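Report on the structure given below.
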Amino acid sequence: GLAGLWLAWRFAGETTRHQQHRLDLPGQLAAIAALGTLAGALIEGGALGWGSSFVVAGFVLAAIFAVLFVWREARAEQPMLPLSLFSRRMFALTSIVGLLVNIAFYGLIFVLSLYFQQVNGLSAFATGLAFVPMLGAVLPANLIAPHVAERIGAPRTIALGAALSAAGCLALLLIGAGTGYPAICLQLLAISGGLGLLVPPLTSTLLGSAEPQHAGIAAGVLNATRQTGSVLGVALFGSMVSRSAAFIAGLHAALGISAAVLLAAAALIWIGASSQAR
């Protein structure tokens, strides 16, 4: 942290401040309401059933609030999120990919922590240690990502990372109650290594697609979409494993959905970038 502060102070230039920019409070409230009702409906869907009136009402309200948010942002003089940014193809694509990737990755981190403790009986401390190799794979993948992107291009590097994580999810479908850690370690490394490979070019591509004066908003959009994906992934996958009797089936479903979401992200960025190039 101290090294980061020193580097920012030493090398980063100041951006232009807009002193007259006002807080878009209606936009903030609409966005919070949309995400909150959607996450609540996903969480309760596993316990109450997807046809429950409470769950259906949550999805309807989430849709209404989302429409209100877009309507507000399209008409506000100083919107929280300028919708014109999404007219840029790569900005829109990388934002969607960030959302999809985090649905898969952080949703799986949540259910795997429950698997280690509730199914395999590991302590909370041992579960934390089980994730250390995963997190350790992210750093070297981050370091080689710029070199890979330089050789094959950023969109293809993002697609490669997403496909690698998807392959790890599919290979993990053999997991069951009592599966030993050595039998799943390589799959976990593939999932996290793919994430480490795609995040640096994802960030640079999104920021590079926005005008310099919108760099702060662009970075905020990437963070917001990724955190939204984390919320939705944890809510959805958590609802799938909420019943202990069907935990393994729910875990397998979460892995299948994660693989599909990651492959969709890879195809989206690959095809979208190829179309833009043509």
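What is the chain's relative contact order, in percent, from Cα pairs under 8 angstrom and six or more apart in sequence? About 29 percent, as a whole number. Within the assembled protein chains, the solvent-accessible surface assigned to Ser230 is about 20 Å², based on a 1.4 Å probe.
Rolling a 1.4 Å probe over the protein heavy atoms leaves Phe86 with an accessible area of roughly 80 Å². Of the solvent-accessible surface of the chain, computed with a 1.4 Å probe over protein heavy atoms with every protein chain present, carbon and sulfur atoms account for 69 percent. Of all complete DSSP H helices in the chain, those with a Cα span along the helix axis of 24 Å or greater and a mean Kyte-Doolittle hydropathy of 0.0 or more are 25-48, 53-75, 89-114, 124-152, 154-171, 185-209, 215-240, 247-277. Rounded, prolate or oblate: pick one for the stretch 46-164, where a ≥ b ≥ c are the square roots of the eigenvalues of its C-alpha gyration tensor, a/c under 1.5 means rounded, and failing that, prolate if a/b is larger than b/c, else oblate. Oblate is the answer for the stretch 46-164, as a/c is 1.5 or above yet b/c matches or exceeds a/b. Dividing the helix sum by the residues of the chain, where each DSSP H run of 4 or more adds -39500 (n - 2.57), gives a mean residue ellipticity at 222 nm of -27000 deg cm²/dmol.
Taking every protein chain into account, the accessible area of the chain amounts to 52 square angstrom per residue (probe 1.4 Å).
Can you match volume of the Cα convex hull per residue in Å³ to one of these, (1) 183; (2) 153; (3) 122, based on a calculation from the structure here? It is the value labelled (2).
Largest GNM mean-square fluctuation across Leu100, Leu23, Leu236, computed for the chain with C-alpha springs under 10 Å, falls on Leu23.
A Gaussian network model of the chain, with springs between Cα atoms under 10 Å, assigns the largest mean-square fluctuation among Ser95, Ser242, Ser52 to Ser52.
Structure remark: mean-square fluctuation, Gaussian network model of the chain, C-alpha springs under 10 Å; the largest value among Leu255, Leu186, Leu29 belongs to Leu29.
Quick check on the stretch 51-120: take the gyration tensor over C-alpha atoms, sort the square-rooted eigenvalues as a ≥ b ≥ c, and tell me if it's rounded (a/c under 1.5), prolate or oblate. It comes out oblate by the Cα gyration axes.
Mean separation of Cα pairs under 8 Å and 6 or more residues apart, divided by the residue count, gives the stretch 24-80 a relative contact order of 47 percent. Cα gyration tensor of the stretch 24-80, axes a ≥ b ≥ c as square roots of the eigenvalues: rounded (a/c below 1.5), prolate (a/b > b/c) or oblate? It is prolate, given that a/c is not under 1.5 and a/b is the larger ratio.
The values are calculated or read from the model by the stated rules, or taken from the named source; none is laboratory data. These figures come from a predicted structure and were not determined experimentally. Calculation scope for accessible area: heavy atoms of the full protein, side chains included, ligands and nucleic acids excluded. Shrake-Rupley method; radii C 1.70, N 1.55, O 1.52, S 1.80 Å.
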